[in-house]
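Data block below; observations after.
The values are calculated or read from the model by the stated rules, or taken from the named source; none is laboratory data. In this text the structure is predicted, and so the values were computed from the model without any measurement. Please note: Cβ atoms are built from the backbone with ideal geometry, for glycine as well, and neighbour counts cover all protein chains shown. Note: accessible area is taken over every heavy atom of the protein model, side chains too, but ligands, DNA and RNA are not part of it. Shrake-Rupley method; radii C 1.70, N 1.55, O 1.52, S 1.80 Å.
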Amino acid sequence: MEHRAEARIDVAAIASNISLLKAASGVDLMAVVKANAYGHGLVEIGLASEKSGADWLGVALLEEAIVLRTHGVRIPILAWLVSPGSDFRAAHNHDIDVAVASIATFNEISALKTKARIHIEVDTGMTRGGFLDEWDEFLTLDFSQVEVVGIFSHFARADEPGEKQNEAQLLRFQSMIADLAAIGINPPVKHLSNSAATLSDHKAAFDLVRTGIALYGLSPDIKTLGDSKSLGLKPAMQLRAKLHLVKKVPAGSPVGYGAAAVTSGQTRLGIVAMGYADGIPRIAQGAGVFIDGKRAPIIGRVSMDQFVVDLGPESTAESGDWVIVFGDGSQGEYTADDWGSASLSINYEIVTRIGPRVPRIYAPHVY
Ligand SMILES: *Cc1c(COP(=O)(O)O)cnc(C)c1O
């Protein structure tokens with residue numbers, strides 16, 4: 001069966017990005033594959049990353065980590081969004097490292113007496129995950145029933161190089177490492193950098209960098225760090241869809257729900273078989289598709305399963321033709337960055353929200 005839309009994933013691009021990021025940091029690399037590998041496919045990207053030289057995989061949820069293990073991933077995996085009540089025995093049985101960010105979680109893990117592998121998450125200024133108010137009390141606990149593999153924290157503003165908060169977070173991280181050392185705990189794997197810090201701040205690399213967005217070839221922030229091309233990254237996802245229908249319409253035609261747009265002259269419209277159910281943002285304005293060497297902008301509101309583009313009066317496009325929704329931009333097509341800006345959002349959200357109805361096609365094949 002032919003698809004009406006597909007996300008084509010360039011596995012060689014992932015490998016190339018891993019090489020670039022490893023060279024940039026000079027330390028071990030954790031490929032962050034949470035959230036279905038930012039929409040690219042958890043298992044496929046997890047296995048491809050392992051094959052391409054990633055040293056670790058990182059995920060948010062324990063369930064994600066278990067799926068990776070049951071599909072044969074052998075390198076270390078860290079899951080960091082594990083709350084009290086999680087199945088810590090399963091984590092241990094599957095050889096999955098877990099983050100500990102509260103005394104409650106620590107106590108549950110310790111009580112199993114399995115010498116479970118943990119990474120202590122510390123809040124160095126983002127005020128999200130990690131130890132903050134419980135830190136002093138945490139340092140008084142008994143660590144004999146766990147193996148402290150790592151300590152880590154997360155930057156809030158690494159995409160703003162030179163920002164003072166980054167320096168403050170780095171200093172705080174070092175002082176929390178010293179607090180642990182003072183009670184005789186020296187975790188071998190200290191990690192702080194995300195993609196933005198990996199690309200811009202070498203003193204934050206420590207033993208391991210956790211790269212997500214850059215793994216997929218996208219820039220953490222096009223304004224402050226430059227786009228994929230200037231960073232040497234290769235966007236791995238190309239989203240394409242079929243024109244379900246092409247129709248010639250007169251000037252003054254109201255298009256879509258709410259008649260939010262009206263054609264200014266006679267033109268040809270293309271109906272694209274994707275909508276907000278597939279992750280096309282409903283508010284997107286100023287993006288569109290690429291066909292026959294030209295950009296065709298969105299006209300009117302995006303619907304659940306479809307959106308309409310203005311192909312122009314001279315277009316020879318026909319129903320059944322493929323259009324590129326976004327790609328690496330090398331042909332002049334829109335990019336995930338363009339769709340992010342057009343939706344008052346960021347490239348992260350554009351790729352991550354591509355829905356489950358869109359098949360992912362891998363080339364070259366992973367397995
Ligand atoms: C998502 C996430 C990352 C990856 O961030 P990118 O900006 O995509 O590189 C790293 N560490 C943690 C804790 C995360 O939640």
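So, taking all protein chains as they sit and a 1.4 Å probe, how much accessible area belongs to R69, in Å² rounded to tens?
Here the accessible area works out near 40 Å².
Using the alpha-carbon centroid of each, what span in Å lies between the range 193-269 and the range 41-70?
Value for the Cα centre distance between the two parts: 24 Å.
Taking 2.2 N^0.38 Å as the expected size of a compact globular protein, what ratio does the Cα radius of gyration of the range 237-363 give against it, to two decimals? Mind dumping the intermediate values first?
Values: Rg = 13.7 Å, N = 127, 2.2 N^0.38 = 13.9 Å.
Normalised Rg, Cα atoms only: 0.99.
Within a Cβ distance under 14 Å of V148, other residues only, what is the Lys/Arg minus Asp/Glu net charge? Walk me through the intermediate numbers first.
Numbers: positive: K115, R117, K190; negative: D97, E121, D142, E147, D179, D207.
Here the count lands on -3.
Could you name the aspartates and glutamates in cross-link range of K190, using Cα to Cα under 18 Å and dropping any fewer than eight places away on the same chain?
Qualifying aspartates and glutamates at Cα under 18 Å: D28, D55, D97, E121, D123, E147, E167, D179, D201, D207.
Restricting to the chain, what percent of DSSP beta bridges are antiparallel, rounded to 5? Intermediate values should be presented prior to the final figure.
Values: 27 of 57 bridges.
In the chain, DSSP labels about 45 percent of beta bridges as antiparallel.
Quick one, could you list the DSSP H helices from the chain stretching 18 Å or more along their long axis (Cα atoms) with average Kyte-Doolittle hydropathy of -1.0 or above? Could the numbers behind the result be given before it?
Details: long enough: 11-25 (21 Å, 1.33); 164-182 (27 Å, -0.13).
Helices passing the filter in the chain: 11-25, 164-182.
Please arrange T124, T70 by accessible surface area, largest first, computed with a 1.4 Å probe and ligands excluded. Kindly include the intermediate steps, with their values, before the conclusion.
Numbers: T124 10, T70 90 Å².
Result of the area sort, largest leading: T70, T124.
When only Cα pairs under 8 Å and 6 or more residues apart are kept, what is the percent relative contact order across the range 11-217? Don't skip to the end; give the middle numbers.
Details: 393 pairs, mean separation 43.9, N = 207.
The value is 21 percent.
Using DSSP to define loop residues, name the chymotrypsin sites (Phe, Trp or Tyr not before Pro) in the range 210-279 whose beta-carbon has at most 13 other beta-carbon atoms within 10 Å. List each step's numbers first, then the result.
Details: sites: Y216, Y257, Y276; in loops: none.
Taking the range 210-279 and a limit of 13 other Cβ atoms within 10 Å, no loop chymotrypsin sites (Phe, Trp or Tyr not before Pro) are found.
Taking GluC sites (Glu not before Pro) as candidate sites, keep only those in a DSSP loop with at most 11 other Cβ atoms within 10 Å, then name the longest stretch of the chain containing none of them. Mind dumping the intermediate values first?
Numbers: sites that count: E2, E314, E318.
The reported range is 3-313.
What net charge is computed for the residues neighbouring K234, neighbours being all others with C-beta under 10 Å from the C-beta of K234, Lys and Arg scored +1, Asp and Glu -1? Before the final figure, lay out the partial values.
On the way: positive: K229; negative: D10, D328.
Here the charged neighbours net out to -1.
Between S330 and Q266, what is the label-point separation in nm under the 7 Å Cα-to-beta-carbon projection?
4.0 nm
What accessible area per residue, rounded to a whole number of Å², is obtained for the chain using a probe radius of 1.4 Å?
On a per-residue basis, 43 Å².
Please compare each pair in K22/K234; K22/K229; K34/K223; K247/K294; K164/K223; K115/K203 to a cut-off of 23 Å on the Cα-Cα distance and tell me which ones are over it.
Working: K22/K234 15 Å; K22/K229 18 Å; K34/K223 25 Å; K247/K294 18 Å; K164/K223 18 Å; K115/K203 31 Å.
The answer is K34/K223; K115/K203.
Measure off, as a whole percent, the carbon and sulfur share of the 1.4 Å-probe accessible area of the chain, all protein chains present. Don't jump to the answer; show the numbers that get you there.
On the way: 8200 of 15760 Å².
Ligands and nucleic acids excluded, carbon and sulfur give 52 percent.
Using Cα springs under 10 Å in a Gaussian network model of the chain, which residue among I118, I103, I324 shows the largest mean-square fluctuation?
In the Gaussian network model the winner is I103.
Counting only helical runs of four or more DSSP H residues, what would the 222 nm mean residue ellipticity of the chain come to if each run contributes -39,500 (n - 2.57) and the total is spread over all its residues?
Values: 13 runs with 104 residues, N = 367.
After summing the helix terms and dividing by the residues of the chain, the value is -7500 deg cm²/dmol.
Tell me, what is the percent relative contact order of the chain, built from C-alpha pairs under 8 Å that lie six or more residues apart?
Working: 832 pairs, mean separation 66.3, N = 367.
Relative contact order here is 18 percent.
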